[in-house]
């Protein structure tokens, strides 16, 4: 049966108590309304009327809260349509038992609906409702049917009007109503059907059947309790999942929460499900809402939550969008990370990684030291496993600290070359030109001052039958690139001081954090060498783009350094929250170094937020401040971060000026402004 909320007008203007009364009256006059509703933090506070006498009594300082009427009648959102008892044409607020405001109901709209169902002009009904509606008499004959119902059932009006409903919908039994929905199928569509008796002055005058096409929502309804058709598989996942799972709609109402979530929160399902997140905050079950954070940011968010029982847990919320980019639901996972880590350590259990891979593959990943389970990393591992046994060149691109050398080692370990040769690595930007050439290709005795009399093998010879990894290939001198090109194309090298060529069979893997294509365009990197190296390109995403791995990585590193230094450290929930939302400009290398430093330098076993470096805490504080600051302040905050990050990276005002393409004088001035003690 239709309820009051089905006639809700969510666009009716509302005001907070601190709005000037004259401003509110002007708005109501513009929309030709005489009653305004006062709402604060989602809760209904009262109403106020626009009358000539009221206007005369107002002063310039009068606020809406000063003229609010507290005893204005309200209606519960789930009130059935025939129980509304509307007696005037003034709008009436829809307010829940907990005091939350859901919009207003316009009596004129309801009266119009009543009129549609008491007239023989059934054509009017067809133009008002998107759901199918069938009205039958007490004798079970169809007296009204709208266009949506005709379309859903695949019938014509002339064939069904004043015919028994059971002939049109055989699944329906006269005298029965379905207070919970049932599904029927017509012409390949799944139709949701709900029936209720219609009474007038205590006498049954008929029955109303409401039909809705839910074919496109079947997959969603299988996951959401709001549609009352959860599949056994989803119920099983919710029941036995070790992490807390929760589904929240875009209005902030919790549709589903599993038992693990209840344990984390310290509350029963009855206290969680079908309740607004603001109600949970009022009851002290949570101190802040993941749904509100995700709806505000329109992106994945991780926060720390607490309850009044002092339970603490880490929650990650992800938005679910419709085809138009609007958020439909927020799906969240919650876990008591400290408790889980303690349990694993107490049991002496090592947590499994990459559960989607076979044992041999996981052993190789462990050997190399690859950590993480994001979709992007899974795709990279898949590519690596497929190309490993070929001899084609590979170019690995990614920011500093993303693990380019580890991926190169993984290619070698996945290949048969691990049985025949070794993995040899060289940083092309760490050696001067002459020394780099000698290191790569070797030299004959007496070829230059200080050379060994017997000569020396180069890295290409040492990597014969194995793999050579050329890190920072973009820093290789231009003239030396010609010699490298010959090694790539023909597998031939010539030692320094010798014209004789030597055949070598080394798999070549190069890596860079630079844009080689731009360098080709600038003439600082050979185009032919670029295309020879870039046969198989692999791009490693920065850590900020695979946040699901952050918790896995810092948990791995703290376990590793606890073992190395015989410690028993762990991060507090607050610290984990900050680490999860930090941007990690130095990527995995920065995290590894940070965790090692914290394990060594913190006194207590629990590493709290106060132990984290200032630059990490500062990013959180800046983010929190920017949500409520002016555009000018936000721009200054961004400039401050850029200047300080560049200064921390390059260490000199000259290099900062060169990197940011501004004058050195500007750099000095801005550093004096933002960090006066350091300049």
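Please treat every number below as a calculation from the coordinates, not as lab data. Just so it is clear, the model here is predicted, and its values are computed rather than measured. We place every Cβ from the backbone using ideal geometry, glycine too, and count neighbours over all the protein chains shown.
Taking the beta-carbon count within 10 Å as an exposure proxy, list 161, 193 from fewest neighbours to most.
So the ranking, lowest neighbour count to highest, is 161, 193.
Points 7 angstrom from Cα along the Cβ direction at residue 40 and residue 300: gap in nanometres?
Going by the 7 Å Cα→Cβ label model, 3.9 nm.
Averaging over every viewing direction, what projected area does the convex hull of the Cα atoms of segment 375-539 cover, in nm²?
Its average projected convex-hull area is 9.6 nm².
On alpha-carbon atoms, Rg over Rh for segment 230-335 using Kirkwood Rh?
Rg/Rh for segment 230-335 comes to 0.95.
Which order, highest average first, do 148-158, 504-514, 658-668 follow once you tally other Cβ atoms within 10 Å for each residue and take the mean per peptide?
504-514, 148-158, 658-668
For segment 278-305 and segment 7-52, compute the distance between their C-alpha centroids and round to whole Å.
Spelled out, the Cα-based centre of one part sits 28 Å from the other.
Please compute, over every Cα-Cα pair in segment 459-554, the percentage with a separation greater than 20 angstrom.
That fraction is 46 percent.
Between residue 385 and residue 151, take the C-beta separation as r, use R0 = 56 Å, and let me know the FRET efficiency to the nearest 0.05.
With a Förster radius of 56 Å, E is 0.60.
Packing-wise, with mean Cβ within 10 Å as the measure, how do 475-488, 249-262 rank, highest first?
Put in order of decreasing packing, that is 249-262, 475-488.
Between residue 184 and residue 589, how high is the FRET efficiency from 1/(1 + (r/R0)^6) when r is the Cβ-Cβ distance and R₀ = 60 Å? Nearest 0.05.
Working from the Cβ atoms, E equals 0.50.
Given a Förster distance of 22 angstrom, what is the FRET efficiency for residue 98 paired with residue 69, based on the Cβ-Cβ distance and rounded to 0.05?
That gives a FRET efficiency of 0.60.
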